[in-house]
1. At q = 0.14, 0.24 Å⁻¹, what is the log10 ratio I(q)/I(0) for the chain, with the Debye formula run over Cα points and no solvent?
2. Would you please give the FRET efficiency between ARG27 and ARG77, computed as 1/(1 + (r/R0)^6) with r the Cβ-Cβ distance and R0 = 25 Å, to the nearest 0.05?
3. Please give the contour-minus-distance gain from VAL41 to GLU67: 0.36 nm per residue of separation, less the Cα-Cα distance, rounded to one decimal in nm.
4. Rounded to the nearest 500, what is the 222 nm mean residue ellipticity of the chain from helices alone, with -39500 (n - 2.57) per DSSP H run of 4+ residues and division by all residues?
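Just so you know, all these numbers are worked out from the coordinates, no wet-lab data involved. Note that the structure is predicted; figures quoted are calculated from it, not measured. Note that we place each Cβ from the backbone using ideal geometry, even for glycine, and neighbour counts take in every protein chain shown.
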Amino acid sequence: MSTPTPTELRATLVTLIAGATETRTSRWDKLIGEVEILPIVFNPRSNWRVAVRGEGDDRDAIEKAVELLRGQHPYVRAE
């Protein structure tokens with residue numbers, strides 16, 4: 001994947017977590033919010049963030065997956 005859009009990145013994140021946890025994507029689709037594009041001037045290492053709705057182990061899984069995905073795709077492009 002080249003530089004993904006926020007929608008593509010979110011879909012990848014949902015699929016990644018569902019595969020790692022062996023659960024349905026619909027579950028994670030509800031817990032993972034939208035990917036927001038941040039101004040690169042204030043966020044030079046990565047220009048996106050994700051709203052997380054989960055708690056406890058769910059939140060931990062999402063945050064770990066975000067960091068993993070951020071290593072591969074630190075930037076997103078506008079749709």
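1. -0.41, -1.15
2. 0.35
3. This chain segment gains 7.3 nm when fully extended.
4. About -16000 deg cm²/dmol.
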